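Got a structure for you, written out below as C-alpha cells; questions coming shortly.
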Amino acid sequence: MDHRINVIAGLGALCLALGLGMYLLYRNGWMIVNAKSAVSFVGSSGGRAATFTRCSGYLKRIVRFPEEGRYAFDLVSDLSRGSVTASLLGPDKAELLRLTPEQPRAEVRLEGKRRYTLLLRFHSATGSYRLQWERI
C-alpha cells in the first residue's frame, strides 16, 4: 500500500514539475501554444512562417523586443482559400495591431523587454504566410 502511495505522489510531483516547466517556457517565449486542426501544417521555428492545408485554429506565443521604439510588422500571405490574421497583444492583453491580407503592414510603438503576445488565427485556410518585423 505504501509503495502505491509513493508512486502516485511521485507521478503527481512529476506532472507538477512538467507543467511548471512548460509554463515557464511559454512565459519566456520559448514555447508556442496552439490549438488547430489541419490536413497538413509545416511551420518554422518561432511561428514566423508556415505552409498549411485546410487549417483552422490559432497559434500563440510570447515575444519580447530588445529595445523600445517603433516597429514595423509585415504579414506576407499566399492563400488559395480561407483567411489568416496576425495580432499583437500588449502586456494587458489589449490588441495593439491586427494584420490581414487586406492590411498586411502596420507600425506600433513598443516598450523594450516587455512581454507581448503574438496571436495567429487561421480560418479554413490553405496556403502559406510569413510574418516579419523590424525596428524603424
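The values are calculated or read from the model by the stated rules, or taken from the named source; none is laboratory data. If you're wondering where the values come from, they're calculated on a predicted model, not measured in any experiment. Every residue, glycine among them, receives a Cβ derived from its backbone with ideal geometry; neighbour counts consider all protein chains shown. Keep in mind that these areas ignore ligands, DNA and RNA; they rest on the heavy atoms of the full protein, side chains included. Shrake-Rupley method; radii C 1.70, N 1.55, O 1.52, S 1.80 Å.
Looking at (1) among the acidic types (Asp, Glu); (2) in contact (Cβ under 8 Å) with a residue 12 or more places away in the chain; (3) closer than 29 Å to residue 21 by Cβ, which is the only condition residue 74 fails?
(3)
Looking at (1) closer than 25 Å to residue 28 by Cβ; (2) in contact (Cβ under 8 Å) with a residue 24 or more places away in the chain; (3) not in a loop (DSSP other than H, G, I, E, B), which is the one condition that is false for residue 123?
If we test residue 123 against (1) closer than 25 Å to residue 28 by Cβ; (2) in contact (Cβ under 8 Å) with a residue 24 or more places away in the chain; (3) not in a loop (DSSP other than H, G, I, E, B), just (1) comes out false.
Among the residues of the stretch 48-70, write down those that are surrounded by 15 or more Cβ atoms within 10 Å (Cβ to Cβ) and under 18 Å from residue 23 (Cβ atoms).
Residues satisfying the conditions are 59, 60, 61, 62, 63.
Among the residues of the stretch 92-106 satisfying the criterion of being exposed (fewer than 12 other Cβ atoms within 10 Å of the Cβ) and in contact (Cβ under 8 Å) with a residue 12 or more places away in the chain, which is nearest to residue 28 (Cα to Cα)?
93
Out of everything in the stretch 107-125 that is of a type outside the set (Lys, Arg) and open to solvent by 30 Å² or more (accessible area, probe 1.4 Å), what residue ends up being nearest to residue 64 (Cα to Cα)?
It comes out as 111.
Within the stretch 18-56, can you find the residues that are part of a loop (DSSP other than H, G, I, E, B), hydrophobic (A, V, I, L, M, F, W, C) and within 16 Å of residue 115 (Cα to Cα)?
Of everything in the stretch 18-56, those that are part of a loop (DSSP other than H, G, I, E, B), hydrophobic (A, V, I, L, M, F, W, C) and within 16 Å of residue 115 (Cα to Cα) turn out to be 30, 31, 32.
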